[in-house]
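Have a look at the structure below before the remarks.
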Amino acid sequence: MNFPVVGMVGGGQLARMTHEAGIPLGIRFKILSDTPQDSAAQVVADVTVGDYRDLATLRAFAAGCDVITFDHEHVPTEHLRALEADGVVVRPGAEALVHAQDKGVMRARLAAIGVPCPRNRIVADPQDVTRFAEEVGGFPVVLKTVRGGYDGKGVWIVGSAAEAAEPFRAVGPLTPDGRREPIPVLAEEKVDFVRELAANVVRSPHGQAVAYPVVESVQVNGVCDTVIAPAPGLSDELSAGAQGLALTIARELGVIGHLAVELFETADGRVLVNELAMRPHNSGHWTMDGAGTSQFANHLRAVLDLPLGDPRPRAPWTVMANVLGGDFPDMYAAYLHCMARDPGLKIHMYGKDVKPGRKVGHVNTYGDDLAEVRERARHAADYLRGTIDE
Ligand code: ADP
């Protein structure tokens, strides 16, 4: 067997679905997983259990791989640089990935390449937050720790300096000499957006890139709930503009693999970049059933420098609804009803224990009528979760 070995750091559902996409191509796939029970560790044959924060563990893992890629952005940047110095092929590379790891670095770089973002700057303390608020027209403002946030954790909307104390308490991991460094805090103007969009693209080392249709991502309590592809009612101009922005960012930052650009659409018809993810992303799960080539398959092709697959949609509308854990643990019992009600339903479960609010799976539906496609996805997600029973 001379097929390449792709090593993915992380054992979550993104690794599980990347593995799934590699099977028909015969790609050999290894993961570095936190535990043997992680979502991908349950299905991948070649699992290393270990700590991605430990350089020796990363080095040993990388030794058996032709290329290293990621299901999360938490590997310390200095470890990525050390692997690259060893000659390991890391995709996306450290220089690109740091923009998905550190929101301060990302904002500075996007400003330098002329990409529209909310007004922002690093703030030193709660008094400085008040000064920032004055610069952008007053409270409320958004505070974010530059590293370590996900699903709305690490993001605060504050209405006064008195509310701004908590973000400054955030500290990083233990340093070798037993200290914890404070994590810098980024302040942003609070954008009065009409909705959130995502522009997803994939880029290969050859410089080939493909753009998926721009999607609408509906968030509930800071967590992605539903994704609609393409974003309903988005003008051709904004759609092409957003795809162009994402392609520019991918090229300028040297991204290899899937890049998700999370965007705010404003009432006056602009798009502003919220954040970047350089890996398969929740806003791209619809592509598993709704696009010619899924984000997972294209991520693999990109990191292997293979020609990229067709990103175009297969149906006028595709809707993805996340299945969150509810109070009802037996999701399998719900399959009977969901499958009988909707033979076109596509279910993707991650093998994770059901805990309230945790993403444990998603469903995709597609068809010609948006209202109907959306209702089918919503019904299935709610029924699996147990919030409806008919
Ligand atoms: P995370 O890293 O947790 O995904 P984000 O930066 O995406 O954090 O922020 C989470 C959510 O907070 C966003 O989806 C959006 O709803 C809201 N948010 C973030 N930044 C702003 C902003 N500048 N203005 C208004 N809302 C924001």
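The values are calculated or read from the model by the stated rules, or taken from the named source; none is laboratory data. Note that this is a predicted model, so its numbers are computed, not measured. All Cβ positions, glycine included, derive from the backbone under ideal geometry; neighbour counts span all protein chains shown.
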> Within region 218-227, is there a residue that is crowded, with 17+ Cβ neighbours inside 10 Å, of a type outside the set (D, E, K, R) and touching a Leu at 6+ places or on another chain (Cβ under 8 Å)?
Replying inline: no
> Quick one: is V323 touching a helix residue (DSSP H, G or I) at 6+ places or on another chain (Cβ under 6 Å), in a loop (DSSP other than H, G, I, E, B), modelled with pLDDT of 95 or more and β-branched (V, I, T)?
Replying inline: no
>> Six or more apart or on different chains, Cβ atoms under 6 Å: show the pairs whose first residue is in region 360-379 and under 22 Å from R312 (Cα atoms) and whose second is among the small types (G, A, S) and in a helix (DSSP H, G or I).
In response: V363/A377; V363/A380; V363/A381; T365/A377; Y366/G290
> Looking only at residues in region 260-282 that are in a loop (DSSP other than H, G, I, E, B) and among the aliphatic types (A, V, I, L, M), which one is nearest to H72 (Cα to Cα)?
Replying inline: M278
> Looking only at residues in region 243-267 that are more than 20 Å from R301 (Cβ to Cβ), modelled with pLDDT of 95 or more and within 16 Å of the ligand (Cβ to nearest atom), which one is surrounded by the fewest Cβ atoms within 10 Å (Cβ to Cβ)?
Replying inline: T266
>> Filter region 220-231 down to the residues that are in contact with a strand residue (DSSP E or B) (Cβ under 6 Å, 6 or more places away or on another chain) and assigned to a strand (DSSP E or B) and list them by number.
In response: C224, D225, T226, V227, I228, A229
> If you scan region 1-18, which residues turn out to be touching a strand residue (DSSP E or B) at 6+ places or on another chain (Cβ under 8 Å) and surrounded by fewer than 23 Cβ atoms within 10 Å (Cβ to Cβ)?
Replying inline: M1, F3, P4, V5
> Can you pull out the residues in region 111-149 that are within 14 Å of the ligand (Cβ to nearest atom), over 20 Å from F264 (Cβ atoms) and modelled with pLDDT of 95 or more?
Replying inline: V123, V129
> Somewhere in region 154-161, is a residue more than 30 Å from V75 (Cβ to Cβ) and of a type outside the set (A, V, I, L, M)?
Replying inline: yes
> Of all residues in region 155-212, which are in a loop (DSSP other than H, G, I, E, B) and either of a type in the set (S, T, N, Q) or in contact with a Cys (Cβ under 6 Å, 6 or more places away or on another chain) (or both)?
Replying inline: S160, T175, S204, Q208
>> Give all pairs with beta carbons closer than 9 Å in which a residue from region 232-246 that is free of Cβ contacts under 8 Å to residues at least 60 places away in the same chain and in a loop (DSSP other than H, G, I, E, B) meets a residue that is of a type in the set (G, A, S) and buried (at least 20 other Cβ atoms within 10 Å of the Cβ); count only pairs at least 6 apart in sequence or on separate chains.
In response: L234/A242
> If you check V136, V141, V88, V75, which single one turns out to be more than 30 Å from G50 (Cβ to Cβ), buried (at least 19 other Cβ atoms within 10 Å of the Cβ) and in contact (Cβ under 8 Å) with a residue 24 or more places away in the chain?
Replying inline: V141
> Has region 173-184 got at least one residue that is farther than 30 Å from M320 by Cα and surrounded by 13 or more Cβ atoms within 10 Å (Cβ to Cβ)?
Replying inline: yes
> Can you pull out the residues in region 268-295 that are surrounded by fewer than 24 Cβ atoms within 10 Å (Cβ to Cβ) and either away from the ligand (no atom under 16 Å from the Cβ) or hydroxyl-bearing (S, T, Y) (or both)?
Replying inline: G269, M288, D289, G292, T293
> Any idea which residue in region 168-221 is nearest to the ligand (Cβ to nearest atom), counting only those that are in contact with a Pro (Cβ under 9 Å, 6 or more places away or on another chain) and among the acidic types (D, E)?
Replying inline: E188
>> Take Y383 and tell me if it is crowded, with 19+ Cβ neighbours inside 10 Å, closer than 20 Å to V227 by Cα, touching a residue at least 24 places away in the same chain (Cβ under 8 Å) and over 21 Å from the mean Cα position of the chain (by Cα).
In response: yes
> Tally time: how many residues in region 150-166 are within 14 Å of the ligand (Cβ to nearest atom) and out of contact with any Pro (no Cβ under 7 Å at 6 or more places or on another chain)?
Replying inline: 6
